[in-house]
Structures are given as structure tokens and as C-alpha cells.
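Please find one structure pasted underneath; my questions will follow.
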């Protein structure tokens, strides 16, 4: 049995923005990352004998697509691709939904539907974007993605201070749904998902785990094993926050590195810092943040 699960990454979109760095680090057989809490530098092996599988999180798998066959030859992976199709005001530098759908379908045709998870995440409600619009958008995307995957993960936005400030600065009024509205919307989504061949799972939203809505396991050793991973038995659960269903992995990303500017993003404390860090990035460095300003510095 071979080693650990590598997550790339909850903290920034490595496939879309740092694919050259990732492929160089895989070729080198290791990378470094700075632990976001202890601030210590960690070295991580990326050699096939040390990696059980890879979980890729992205809005745009396109830049990494030409390299996926080579990565698959080293270790199994699956891709979690976020496709929300919000107005550009919410997602100012994100590729069009139709492009992401095309990538998802190509990925599925090459590696199978188990290698793809669609994330409709997070759900954001405003006076203009209510339950009816959300369900219509979800249904439209579900039709377009039908057959490409059987798994959809969603969550409602947790309005941390950073998101509240971003929405105010953009002049967008965020509306916090009540418990009943959240559950009703989740159940309606579950019915739509079922009609198009999807299971529906809630990420860190334990209040929505009812009937057809399951708990999400975003880092999922069972999925990797189905894809051929030789993982040790009983990979332990390792929740990143309350309600999280993830299992243990090593995340090699870093915060404050994505210049996409999504209003709901939790991974950037400062859009200006993220833009500056992205500009400083050097794909030859052993770590994404080797030459970057990171939060707390």
C-alpha cells in the first residue's frame, strides 16, 4: 500500500493558475508548503511510491489538461470542478460556465465519471438571486453535466467578515437564508439532481443532512480506491472545520494567491495581496509562496 493523499488545493486554484509549478514539482518528486497555522515550512514527497492519490480543486482544469495523462500514469486523481454560473459581478475573472462544462465532459470521457465531482458551491442569495433563480441555474447546469459525473457537492456561503466586506464594497446585498429556506432549497436541488443522475452532498452544512442530501466527503479515499489507488486501510477522518467530512490529506496550496476576485471567496483576506502574490510567483520555486507575502507576515 502506498502513501498519503495530496490535496491541490483548498487554498488556491493550482490547476488553473499554477499548473506549470505543479507539473515541475511532480517531476522533481517533492514540494514545500508553509503550514497556515504553525507557519512552519513542510516538505512533501510527490513520488509515486509515497502518494496514494491526488485530489484537484479548480474552476478551470484547462491549463492542466495536457498533463493529466502523465499525472494519471503516476497516481490516480479526481477533479472537483466548481461551476456556479453567477453574474460576472460575483465572479469577475472566472471562465464562462459553458467552457467549464466542456472541460468537465472531456475529463469524464478520458478518465471516467468517478474522476469528476461537480461543485455548485457556494450558494449565495441576494434580493435579486433567490431560490427560484438558484434552482433554475442548478437545473440548467445539471442538464448540461448529466452523464459526466454522478456526484454534486454544494454548500451555502458562510458569511465570514472577509465576504461581508467584499459584498459591501461591490454594492451587493447578501441575504442570509433562514433554516427552513435552506432546507427547502436543498431538498428541491436533491430532486433535480436525482432526475439527472446525480447524488447530492452538503459540504459543512450539517443542518441540511436529511433524506436525499448526504454528507460530503470532499477528500474521499473511497473514490480514489475506485479509481485504482492503493491506499492503506482506514484512512482517518480529518475535518478541516465543523461538519467537514474530509479524510486525512496534505494540502500543498497557500492562501492569498488567487486573483479571480470572487466575492464569496474565503481563501483570500485581501484581493490586492492575492494579485501581488500571483505576480510574484515563480514556477521554479519549491513552494508556491516562496517569494510571496502571506497572511500574518
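I need the peptides 128-140, 33-45 ranked by packing, meaning the mean over residues of other C-beta atoms within 10 angstrom, with the highest value on top.
128-140, 33-45
What is the mean projected area of the alpha carbon convex hull for region 76-160, to one decimal in square nanometres? Present the calculation step by step, with values, prior to reporting the outcome.
Details: hull surface 24.6 nm².
That works out to 6.2 nm², a quarter of the Cα hull's surface.
Another question, then. Relative contact order of the chain: what whole-number percent is it, with Cα pairs under 8 angstrom and at least 6 residues apart?
Reported relative contact order: 23 percent.
What do you get when you divide the Cα radius of gyration of region 171-297 by 2.2 N^0.38 Å, with N the number of residues?
Details: Rg = 18.7 Å, N = 127, 2.2 N^0.38 = 13.9 Å.
After normalising by residue count via 2.2 N^0.38 Å, the value is 1.35.
Is it possible to state the helix-based mean residue ellipticity at 222 nm for the chain, with each DSSP H run of 4+ residues giving -39500 (n - 2.57), the sum divided by total residues, to the nearest 500 deg cm²/dmol? What is it? Working shown, then result.
On the way: 9 runs with 93 residues, N = 297.
The helix-only estimate for the chain comes to -9500 deg cm²/dmol at 222 nm.
Out of the DSSP beta bridges found with both residues in region 4-280, what percent are antiparallel (nearest 5)? The partial results should precede the final answer.
Working: 6 of 34 bridges.
Antiparallel bridges: around 20 percent, rounded to the nearest 5.
Now, a different point. Once you have the alpha carbon radius of gyration of region 25-96, what is it after dividing by 2.2 N^0.38 Å, with N set to its residue count? Working shown, then result.
Numbers: Rg = 15.5 Å, N = 72, 2.2 N^0.38 = 11.2 Å.
Ratio of Rg to 2.2 N^0.38 Å for region 25-96: 1.39.
Taking a spot 7 Å from the Cα of residue 206 along the direction of its beta carbon, which residues of region 230-254 have an amide N less than 16 Å from it?
Only 237-247 fall inside the zone, counting backbone N under 16 Å.
Let me ask something else about it. Need one number: nm distance between label points at residue 143 and residue 50, each 7 Å from Cα along Cα→Cβ, rounded to one decimal.
Placing both labels 7 Å along Cα→Cβ, they lie 4.9 nm apart.
Here is a further query. Can you give me the relative contact order of region 51-118 as a percent, contacts being Cα pairs under 8 Å and 6 or more apart?
About 38 percent, as a whole number.
So for the pair residue 67, residue 109, with labels modelled 7 Å out along Cα→Cβ, what separation do we get in nm?
Here the answer is 2.4 nm between the modelled labels.
Still on this structure, I have one more. Using the Kirkwood radius built from alpha carbon pairs, what does the Stokes-Einstein equation give as D for region 4-280 at 25 °C and 0.890 mPa s, in µm² per second?
So the translational diffusion coefficient is about 128 µm²/s.
For region 24-150, just the Cα set please: Rg and Dmax, both in angstrom.
Values for region 24-150 (Cα only, Rg and Dmax): 17.3, 52 Å.
Okay, moving on. Please list 78-88, 114-124 highest first by mean number of surrounding beta-carbon atoms within 10 Å per residue.
Details: 78-88: 19.6, 114-124: 21.6.
The densest-packed peptide leads the list: 114-124, 78-88.
Between residue 74 and residue 199, how high is the FRET efficiency from 1/(1 + (r/R0)^6) when r is the Cβ-Cβ distance and R₀ = 22 Å? Nearest 0.05.
Efficiency computed from Cβ-Cβ geometry: 0.15.
Next question. Distance in nm between label sites at residue 237 and residue 188, each 7 Å beyond Cα in the beta-carbon direction?
3.1
Here is a further query. Convex hull over the Cα atoms of region 145-201, averaged projected area in nm²?
That works out to 5.0 nm².
We did not get these values from a lab; they are worked out from the coordinates using the rules stated. Computed from a predicted structure; not experimentally measured. With ideal geometry, Cβ positions are generated from the backbone for all residues, glycine too; neighbour counts draw on all protein chains shown.
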